[in-house]
Amino acid sequence: MNAAARSPSTKALPSLDRARRIVVKVGSSLLVDGEKGTLRAAWLAALVEDIAGLRAAGKEVLVVSSGAIALGRRILGLTGRALRLEEGQAAAAAGQIRLSAAWGEALARHDLKTAQILLTLADTESRRQFLNARETVNTLLKLGVVPVVNENDTVATAEIRFGDNDRLGARVAQMISADCLVLLSDIDGLYTADPGIDAAARFIPLVEAVTPEIEAMAGISRSGFGRGGMVTKIMAAKIATGAGCAMVIANGKQMHPVQNVRDGGTCTWFLATGTPNAARKQWIGGHLNPQGSLTVDAGAEKALRSGRSLLPAGVTRVDGRFQRGDLVRVVDAAGTEIAVGLSAYTDEDARRIIGHKSGDIAEILGYRGRDEMIHRDDLVLR
């Protein structure tokens, strides 16, 4: 066996209970009855009970849910054949209402609030949209809400679609710096080959690194509803683990699938590379080109080096043209770069609020933005 895929005896398996922020991805084939095209209400209720258990344990939980198109097909009478793009978008529009209501009703039974978020690939690749979506999710999580995310199939085209919600789940986990991504599947986890075809296929409980050999083990989905398969799950693992987020593939067909993972049931764990915060800092520090600079005073520099955010009061000068979410340099009075980070304001607004207290921002700009010019999570010291 490759060193990247080992038995539990060689290295301890991760635990869902050690994660603080968790993303749970649910596929269409689990949520929707394939023959009837209706929601599997009892299964959803059991899953939501698991989610309520995580929330009771102090975890933040976000759900990435498929199912809108599968539900909408039946509502619009589009069953029994492949859908054209515009029919798929219409089915998503009809099914999304039913899907959102089902999640809201199921979570409400446990006194949990929910909110719907629709995303496309562009939302995670544009820095400004990425930042906006991340702040929306972070705010919802802080308020104790369980956000339910789905790909925005009503407006997405073939060119911009994720193509599967496994990778959407991974991108969302990356965006919100999640500690763990749970992919609920129609299989227990990763095997050396497709167990439905090869009786000699061996189960892999732990993957320490996604190597070419691990990628070669992926097969093709046999599901009639899901667009993904083990190939997309391995792609999701590369995204998630590279962002410092552990990932687990577990059998979702059983009742209480997340609780089964917590209880140590059969599943495949993929180890994270570092931590979410470290991965994000590495991305900020090494993969973007600064669009401008902020000059700070000695007090602000001291605060930054002690791990604090950059406040407008400590900024003395703004140079360059940049938008919210763009990378900027942070320099001292001598022009020496001391940090880089993502600006919470455009250069125009930044120039208006520098030197002022955060409490004055609303009066100056006419709206209440962030208290920080650059939040510490978006800043990398040099």
Ala193 long-range amide H proximity, modeled H, under 5 Å: Arg202
Could you list Val231, Val26 so that the one with the fewest beta carbons within 10 Å of its beta carbon is first and the one with the most is last? Val231, Val26
What ³J(HN,Hα) values, in whole Hz, does the Karplus curve 6.51 cos²θ - 1.76 cosθ + 1.60 give for the range 233-241 when θ = phi - 60°, with x put for Gly and Pro? 5, 5, 4, 5, 4, 5, 5, 5, 5
For Val331, list long-range residues whose amide hydrogen, built 1.01 Å from N in the peptide plane, is under 5 Å from its own amide hydrogen. Leu294, Thr295, Val296, Ile338
Can you tell me the orientation of helix 165-175 relative to the chain, as the angle in degrees between its alpha-carbon axis and the longest Cα principal axis, to the nearest 10? 20
Translational diffusion coefficient, Stokes-Einstein: compute it for the range 288-381 using the Kirkwood radius over C-alpha pairs as Rh, at 37 °C and 0.692 mPa s, and state it as an integer in µm² s⁻¹. 259
Given N residues in the chain, what is Rg(Cα) / (2.2 N^0.38 Å)? 1.07
Tell me, Tyr191, Tyr367 in order of fewest to most beta-carbon neighbours within 10 Å? Tyr367, Tyr191
Just want to confirm a number: the relative contact order over the chain, from Cα pairs under 8 angstrom separated by 6+ residues, in percent. 15
Lysines within cross-link reach of Lys36: Cα-Cα under 23 Å, excluding same-chain residues under 8 positions apart? Lys25, Lys253
So what is the calculated 222 nm ellipticity per residue for the chain, using -39500 (n - 2.57) for each DSSP H run with n of 4 or more, over all residues, to the nearest 500 deg cm²/dmol? -11000 deg cm²/dmol
When a footprinting reagent is the concern and you count Cβ atoms within 10 Å, what order do Phe203, Phe270, Phe130 take, fewest first? Phe203, Phe130, Phe270
Just to confirm the number: angle between the C-alpha axis of helix 85-108 and the first principal axis of the chain, 0 to 90 degrees, nearest 10? 80
Positive-pole candidate from Gly72, Val23, His356, dipole of the chain, charges at beta carbon: His356
Give the lysines reachable from Lys357 as a straight Cα distance under 21 Å; neighbours fewer than 8 places away on the same chain don't count. Lys302
Can you tell me the orientation of helix 276-286 relative to the chain, as the angle in degrees between its alpha-carbon axis and the longest Cα principal axis, to the nearest 10? 60
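Taken together, the values in this text are just the output of simple stated rules run on the coordinates, not laboratory data. Everything numeric here is computed off the predicted structure, so don't read it as measured data. Positions of Cβ are generated from backbone atoms using ideal geometry, with glycine treated the same way; all protein chains shown enter the neighbour counts.
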